[in-house]
1. What ³J(HN,Hα) values, in whole Hz, does the Karplus curve 6.51 cos²θ - 1.76 cosθ + 1.60 give for segment 125-142 when θ = phi - 60°, with x put for Gly and Pro?
2. Taking H as built 1.01 Å from N, whose amide H comes closer than 5 Å to the amide H of Ser171, not counting residues under 5 places away?
3. Taking the highest mean first, how do the peptides 93-106, 49-62 order by number of other beta carbon atoms within 10 angstrom per residue?
4. GNM, the chain, Cα, under 10 Å: largest mean-square fluctuation among Ser29, Ser134, Ser189?
5. To the nearest Å, what is the center-to-center distance of segment 87-132 and segment 36-62, using C-alpha atoms only?
6. Averaging sequence separations of C-alpha pairs under 8 Å and six or more residues apart, then dividing by the length of segment 31-91, give the relative contact order as a whole percent.
7. Pairs of lysine in segment 1-121 with Cα under 17 Å and at least 8 positions apart or on different chains: total?
8. Classify segment 145-220 as rounded, prolate or oblate from the Cα gyration tensor: take a ≥ b ≥ c as the square roots of its eigenvalues, call it rounded if a/c is under 1.5, otherwise prolate when a/b beats b/c and oblate if not.
Amino acid sequence: MKILLLEDDLILNEIIEEHLVLQDNDVISTFSGYEAQNYLYSETFDLLLLDVNVPDINGFDLLKELRTQNIKTPAIFITSLNMADDMQKGFESGCDDYIKKPFDLKELDLRINNIKRFFNISPKNITIIDEKISLDNENLMIINENKKIQITKKESEVLLYLIKNSSKIVSIDELTLNLWAYEDSPTASTIRTYIKNLRKFVGEDKISNIRGVGYRFNKK
């Protein structure tokens with residue numbers, strides 16, 4: 001998992017980071033709201049661990065801003081604010097769980113594992129599509145039950161982009177702008193061919209063709 005950690009207590013930040021790295025996670029440690037904000041708008045994460053009382057932007061306001069920008073990365077607040085009103089404010093900000101300080105690292109593991117199950121967060125380079133189908137981004141293959149289907153790098157990138165943007169319809173222009181350099185831009189026909197192949201590999205019901213608008217990935 002790729003995790004962003006926002007915690008301004010230097011010792012606690014180090015303890016949590018070391019613990020998560022030992023479990024083979026990639027961790028970006030930050031100590032202020034602005035620092036975390038810069039990473040959150042430039043990189044993609046699987047999980048956010050956010051303290052609340054941090055410099056610049058507090059954790060509640062930071063997450064609330066992310067949710068208004070349609071960034072739905074799962075988030076856990078780690079905070080000493082433990083009154084019921086504080087918890088309510090945290091969940092209203094868009095968090096998925098809430099840990100009260102002080103806490104045991106085992107409790108953190110339990111809560112992270114629960115988030116992983118709920119959001120189908122898988123090991124590095126593996127993207128779960130449903131209970132039978134997954135995408136292996138590193139080896140460029142779709143695993144459909146026990147069948148392994150080799151795909152091209154661009155097919156993998158297109159599928160992954162659709163999955164990550166499943167909350168909206170993605171146009172051909174958007175795919176082109178985000179996945180190709182200007183000088184290498186494909187024709188609309190080429191992208192339609194990629195989509196046609198992917199629908200054959202994962203099932204036509206997984207990728208809807210919204211005529212004249214674009215494509216939408218269907219999680220269910």
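1. Once rounded to whole Hz, the list reads 6, 10, 10, 7, 8, 7, 5, 10, 10, 9, 10, 9, 5, 6, 9, 6, 8, 9.
2. Counting only residues 5 or more places away or on other chains, the set is Tyr215.
3. Details: 93-106: 15.2, 49-62: 20.1.
Taking the mean over residues of other Cβ atoms within 10 Å, the ranking is 49-62, 93-106.
4. So, out of Ser29, Ser134, Ser189, the one fluctuating most is Ser189.
5. 15
6. Details: 57 pairs, mean separation 22.7, N = 61.
For segment 31-91, the relative contact order is 37 percent.
7. On the way: Lys2/Lys72; Lys2/Lys116; Lys64/Lys72; Lys64/Lys89; Lys72/Lys116; Lys89/Lys100; Lys89/Lys101; Lys106/Lys116.
Within segment 1-121, the lysine pair count is 8.
8. Details: a/c = 1.76, a/b = 1.24, b/c = 1.41.
Verdict is oblate for segment 145-220.
The numbers here are math on the coordinates, done by the rules we state, and not lab data. From a predicted model like this one, the values you see are computed outputs, not experimental measurements. Glycine also receives a Cβ, built like all others from the backbone with ideal geometry; neighbour counts cover every protein chain displayed.
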